[in-house]
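Contents: one structure, followed by commentary.
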């Protein structure tokens, strides 16, 4: 058997997993699936311990560690996520050890699994391109931003939703509840993503169900679709800049508008769908509700995941980011013939940024032709709106792999299938070569041009990760300062956010929040924070004045603290304060 023959699968149905059980696996398909697992595994193993983003890694590690030590989430620890991500991280620390690297192992495994799921969904439809989609779900996801962020867990669960729809779980109430449970889990990992996947799932269900004779009165279905369209339009209008709205939100909104016109689902079936999904979502919420009810933290939990979470995008740096600027940088990179790497990366970023809109056009066009897109494509289309949240390269990459898999699912003609597969492989090659595990210190321009930075340091105790030598040295100096000026049980405080120092030093802050601007939402919050600090002053104060999270209220709190401390030194942009400055021993490296 030739290689071409080995990789040529049959093309039978558009529903992915729904048809897989009817089509026995050929030996070539089994070999391809095994190859997909091996490639995905090799990618995550190679990259899993490279790169760190101290503040993000630190937030997740510190909260998980405190949960292990008996702290109550949202009562003792402020956080804007639903909660499941932190309990999962606490379990990872228990199993793999108290190290930031431990938080990556669950995601490494899930990345391989989601790669195989996408291969499975694409297998009956497009054959060889299934391998491309599977590899994209490993090469253009977790390894592009090696961080235990809730975004990656939400992506995995979104893939599961697509698989459940393709497997026709919606035919029974229990199946609808399973779909709703998965969407609920997404919400309690990352709220916005849960809402978006809920919209995409409902839209697909409203289109897939109904009276094909057009005798039904789909008023309820159309009302549901209209409510979702209004919600997405409001989000785009209130929270997104123009380029982000056009690239990521406009086509999902158009899809919902067409859904209003095309759905034929009768009212009774819509109620059944909503009841099943809501039942499943409530089941997903039950452990968290019981946990917070038992600890008397329901009010704090609700405020943190609503008021504080919404306030995040009000920070100034969100408004300063723009995908229009990134597009312009990409075009300039392509035009710079003297820099081949910049040209390769310019094409890469154009593909990544335009792919969601292309997927949206394909999905809407299919609807207008009365052809229902596969669930993988629709779920991927709505997941892509996640990237509009913050217009920077990392957020564009959050949806890149899933979007390309969705595009592969939309291809029907062999020529278009070949083009989609080639584009996906190109993105995979450039993504792995120039962007996987690259540090954020290269900036937006460096990311767009494909600048590579060596991670030549072996990490520090508590963070067994390869990192930039300068970053390693800065944190070792900060930890030496803390060891010298604070006892093991003394509180320390980092403003606006240095949670990595809490975890790595083993000290705690005297305040509930670790991300100061999200805890200081009003002048009253500043006063209350000061009252708590006055009663329990930290032994060490670390302040980074040029941090993007240093808001006017953070500065106001720092102005209250500064008279009580001496500035003992500055390292890497961090100001180090203590009541009395003194030299101390070094920290073991």
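Could you check, for region 156-172, whether at least one of its residues is in a helix (DSSP H, G or I), free of Cβ contacts under 8 Å to residues at least 40 places away in the same chain and more than 22 Å from the chain's Cα centre (by Cα)?
Scanning region 156-172 turns up at least one residue that is in a helix (DSSP H, G or I), free of Cβ contacts under 8 Å to residues at least 40 places away in the same chain and more than 22 Å from the chain's Cα centre (by Cα).
For residue 432, are the conditions met, namely being in contact (Cβ under 8 Å) with a residue 12 or more places away in the chain, farther than 25 Å from residue 336 by Cα and more than 15 Å from the chain's Cα centre (by Cα)? Working first, answer last.
Details: in contact (Cβ under 8 Å) with a residue 12 or more places away in the chain: yes; farther than 25 Å from residue 336 by Cα: no; more than 15 Å from the chain's Cα centre (by Cα): yes.
No, not satisfied.
Residues are listed down the side, and each one gets a yes or a no for (1) within 30 Å of the chain's Cα centre (by Cα); (2) surrounded by fewer than 18 Cβ atoms within 10 Å (Cβ to Cβ):
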{"position": "455", "(1), (2)": "yes, no"}
{"position": "464", "(1), (2)": "yes, yes"}
{"position": "470", "(1), (2)": "yes, yes"}
{"position": "474", "(1), (2)": "yes, yes"}
{"position": "478", "(1), (2)": "yes, no"}
{"position": "485", "(1), (2)": "no, no"}
{"position": "488", "(1), (2)": "no, yes"}
{"position": "494", "(1), (2)": "yes, no"}
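Taking region 304-349 as the region of interest, how many residues are farther than 25 Å from residue 244 by Cβ, out of contact with any helix residue (DSSP H, G or I) (no Cβ under 6 Å at 6 or more places or on another chain) and free of Cβ contacts under 8 Å to residues at least 60 places away in the same chain?
Count: 3.
Is at least one residue of region 129-141 in the same structural domain as residue 43 (by TED's automatic domain parsing), buried (at least 22 other Cβ atoms within 10 Å of the Cβ), assigned to a loop (DSSP other than H, G, I, E, B) and within 14 Å of the chain's Cα centre (by Cα)? Talk me through it step by step, then tell me what you get.
Here is the first cut: in region 129-141, the residues in the same structural domain as residue 43 (by TED's automatic domain parsing) are 129-141.
Restricting the remaining residues to those that are buried (at least 22 other Cβ atoms within 10 Å of the Cβ) gives 129-141.
When the remaining residues are screened for being assigned to a loop (DSSP other than H, G, I, E, B), the result is 140-141.
Checking the rest, the ones that are also within 14 Å of the chain's Cα centre (by Cα) come to 140-141.
Taking every residue of region 129-141 in turn, at least one turns out to be in the same structural domain as residue 43 (by TED's automatic domain parsing), buried (at least 22 other Cβ atoms within 10 Å of the Cβ), assigned to a loop (DSSP other than H, G, I, E, B) and within 14 Å of the chain's Cα centre (by Cα).
Being buried (at least 23 other Cβ atoms within 10 Å of the Cβ), out of contact with any strand residue (DSSP E or B) (no Cβ under 8 Å at 6 or more places or on another chain) and assigned to a helix (DSSP H, G or I) is true for just one of 82, 58. Which residue is that?
Working: 82 fails: assigned to a helix (DSSP H, G or I).
Among 82, 58, only 58 is buried (at least 23 other Cβ atoms within 10 Å of the Cβ), out of contact with any strand residue (DSSP E or B) (no Cβ under 8 Å at 6 or more places or on another chain) and assigned to a helix (DSSP H, G or I).
The values are calculated or read from the model by the stated rules, or taken from the named source; none is laboratory data. Keep in mind it's a predicted model, so treat the numbers as computed, not measured. Neighbour counts run over all protein chains shown; Cβ positions are idealised from the backbone, glycine included.
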